[in-house]
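K.L.:
Next up is a structure, given as structure tokens.
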Amino acid sequence: MSRPVHNFTTATLDWLPYICPVRLEEATPEQLDAMKVTPSNRKISDYVLTLAHDPESLAIRSPLFNAIMYGRDGLSRAGREMGAIATSIHNHCIYCTSVHAARFLQMTGREDLIQEIFAEGEEAALDDYWQPVFDFSLKLTRTPGEISPTDIEILRTGGLTDLEIFDLVCSVAIFGWANRLMHTLGEAITP
């Protein structure tokens with residue numbers, strides 16, 4: 001194939017919401033409380049300000065996201081990022097792919113893997129460790145009901161423990177949800 005399948009990048013993108021985000025100075029106490037638990041303590045993004053329209057969900061979403069993506073035990077951060085990348089590639093979420101591919105690169109320095117994924121998409125040929133992680137993440141995203149004990153055994157044979165497999169499933173699941181929110185609430189744009 002050797003051509004980009006979609007306009008994926010590791011460049012920093014902006015996200016433009018379709019609806020007006022909550023204005024911080026007009027936020028209710030419940031919205032302000034929900035926004036405190038976001039991963040970024042430097043700036044509240046338009047995405048979080050948009051999600052703040054439903055503070056009850058946001059108050060649950062942020063700690064759940066943090067627990068899945070930043071957990072100390074189980075799957076490595078890079079492994080969780082690979083789950084996010086595969087899911088976001090399949091769902092054509094350019095924004096999430098850019099963020100998590102950049103994080104994967106920071107952790108691993110494996111630009112060769114990211115370039116292969118960007119060039120070949122779901123048909124990417126990766127090394128012995130990353131291929132099963134990538135393939136499992138794609139299959140779980142595409143057809144979760146078709147995951148079988150054989151798929152789990154392939155990950156175990158590749159060296160993943162049951163806790164690491166659980167973490168990978170959680171990473172794929174949170175990004176299946178996050179990608180759909182990103183698509184329906186706004187669009188990625190080049191700054």
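The values are calculated or read from the model by the stated rules, or taken from the named source; none is laboratory data. Treat the numbers as computed from the prediction; the structure is a model and nothing was measured. In this analysis, Cβ positions are derived from the backbone assuming ideal geometry, glycine residues included, and neighbour counts consider all displayed protein chains. Calculation scope for accessible area: heavy atoms of the full protein, side chains included, ligands and nucleic acids excluded. Shrake-Rupley method; radii C 1.70, N 1.55, O 1.52, S 1.80 Å.
K.L.:
Keeping all protein chains in place and using 1.4 angstrom, which order do I85, I44, I19, I68 fall into by accessible surface area, from largest down?
P.N.:
Details: I85 0, I44 50, I19 85, I68 25 Å².
The most accessible residue leads, giving I19, I44, I68, I85.
K.L.:
At 222 nm, what helix-only mean residue ellipticity would the chain give, in deg cm²/dmol to the nearest 500, using -39500 (n - 2.57) for each DSSP H run of four or more? If you can, show how the numbers build up before the last one.
P.N.:
Details: 9 runs with 114 residues, N = 191.
Calculated from helices alone, the mean residue ellipticity at 222 nm is -19000 deg cm²/dmol.
K.L.:
Taking C-beta distances below 4.7 angstrom as the pairing criterion, name the unpartnered cysteines of the chain, in sequence order.
P.N.:
Taking the Cβ cut-off of 4.7 Å, the unpaired cysteines of the chain are C20, C170.
K.L.:
Using the heavy atoms of the protein chains and a 1.4 angstrom probe, tell me the accessible area per residue for the chain in square angstrom. Present the calculation step by step, with values, prior to reporting the outcome.
P.N.:
On the way: 10040 Å² over 191 residues.
So the chain comes to 53 Å² accessible per residue, rounded to a whole number.
K.L.:
D for region 4-101, whole µm²/s, Stokes-Einstein with Kirkwood Rh over alpha-carbon pairs at 10 °C and 1.306 mPa s: what number?
P.N.:
Result for D is 107 µm²/s.
K.L.:
So who's got an amide H within less than 5 Å of the one on W15, skipping anything under 5 residues away but keeping other chains? H placed 1.01 Å off N, in plane.
P.N.:
I189
K.L.:
Given a 1.4 Å probe and the protein chains all in place, what does the accessible area of Y129 round to, in Å² to the nearest 10?
P.N.:
Its heavy atoms expose roughly 80 Å² to the probe.
K.L.:
Express in whole angstrom the spacing between the alpha-carbon centres of region 98-138 and region 139-191.
P.N.:
13
K.L.:
Right, here's the next one. Could you sort Y18, Y95, Y47 by their accessible area in this structure, using a 1.4 Å probe and putting the largest first? Let's see the in-between values first.
P.N.:
Working: Y18 130, Y95 65, Y47 30 Å².
Result of the area sort, largest leading: Y18, Y95, Y47.
K.L.:
Let me ask another. What is the percent carbon and sulfur in the accessible area of region 34-191, measuring with a 1.4 Å probe over the protein chains and ignoring ligands?
P.N.:
Details: 4130 of 7560 Å².
Of all accessible area on region 34-191, carbon and sulfur atoms account for 55 percent.
K.L.:
Applying the Karplus parametrisation 6.51 cos²θ - 1.76 cosθ + 1.60 with θ = phi - 60° to the phi angles of region 80-97, what ³J(HN,Hα) value in whole Hz is obtained for each residue in order, glycine and proline being reported as x?
P.N.:
Per residue, the Karplus-derived 3J(HN,Hα) values read 5, 5, 5, x, 5, 5, 4, 4, 5, 4, 4, 7, 6, 8, 4, 5, 5, 4 Hz.
K.L.:
What's the Cα-based Rg to Rh of the chain, Rh via Kirkwood? Don't skip to the answer; put the middle values down first.
P.N.:
Numbers: Rg = 17.0 Å, Rh = 17.3 Å.
Ratio of gyration radius to Kirkwood radius: 0.98.
K.L.:
Read phi for every residue in region 17-34 and hand back ³J(HN,Hα) as whole Hz from Karplus 6.51 cos²θ - 1.76 cosθ + 1.60, θ = phi - 60°, with x for Gly and Pro.
P.N.:
With coefficients 6.51, -1.76 and 1.60, one gets x, 7, 10, 5, x, 4, 7, 3, 5, 10, 5, 6, x, 5, 5, 4, 5, 5 Hz.
K.L.:
Once amide H atoms are built 1.01 Å from N in the peptide plane, which residues 5 or more positions from G186, or in another chain, come under 5 Å H to H?
P.N.:
So G186 has HN proximity to Y18.
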